[in-house]
Amino acid sequence: MSGRATFTLFVVMATALITTPALAAIESFDATPLEPSFGSYTEIDFENLHLDSDCLLPLPGTSITSIRIDRVTFSNPYSLQTGLCSSPTCSPDPDNPDGVNNELFLSGGGSIAFDRPNPKLVVLDVQGIGDNSFELLVTGGNGDTLVVSSQGVLFGRTLLGMRASGNGIKRIDLTNVGGTGGPIALARILYSQSGH
């Protein structure tokens with residue numbers, strides 16, 4: 001290849017790299033279409049904790065600042081409660097024969113942190129907060145971050161998906177809850193190492 005042809009090829013390749021948009025390391029999306037495959041994900045379903053009664057955290061006289069379930073740590077919990085789902089704001093969990101739904105409520109400033117290897121895909125099942133908005137800061141294993149703005153559904157649930165390339169998702173911080181300013185309600189979280 002002549003020097004002129006090599007230079008022209010170099011210019012074309014450099015231009016292609018400059019004009020090609022970079023792929024986002026972290027993305028958020030509506031995870032509702034993934035629901036049929038949820039059985040293949042790792043699930044933290046608070047129904048499995050078999051609460052005997054409401055369990056407020058931190059308990060009076062204690063200094064509980066986090067809850068660890070499997071490979072996931074939930075920091076700054078507000079409460080872990082059993083709630084009757086006669087209201088259409090949440091869905092009774094099929095794993096609970098009493099028609100209730102155990103939910104973990106995280107206060108603003110709370111977080112969800114994953115052990116290594118970090119999952120490539122995380123789905124939050126948010127129920128029971130009406131149509132209040134909330135904001136998350138998602139941090140990837142590479143240190144990349146993404147601010148995600150979402151909201152609850154007045155008579156339903158939000159299945160919020162987050163996917164990260166590279167070293168997966170390391171942490172999700174709850175930075176803001178709109179409306180009442182109250183905590184966010186998680187019916188369950190699901191995660192996968194495969195990213196789909």
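Please treat every number below as a calculation from the coordinates, not as lab data. All of these numbers come straight from a predicted model, not from anything done at the bench. Neighbour counts run over all protein chains shown; Cβ positions are idealised from the backbone, glycine included.
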For T139, the net charge from surrounding residues (Cβ-Cβ under 15 Å; K, R +1; D, E -1) works out to 0
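I need the Kirkwood Rh of the stretch 109-196: take the reciprocal of the average 1/r across all distinct C-alpha pairs and report it in angstrom.
Values: mean 1/r = 0.0764 Å⁻¹.
The Cα-based Kirkwood calculation yields 13.1 Å.
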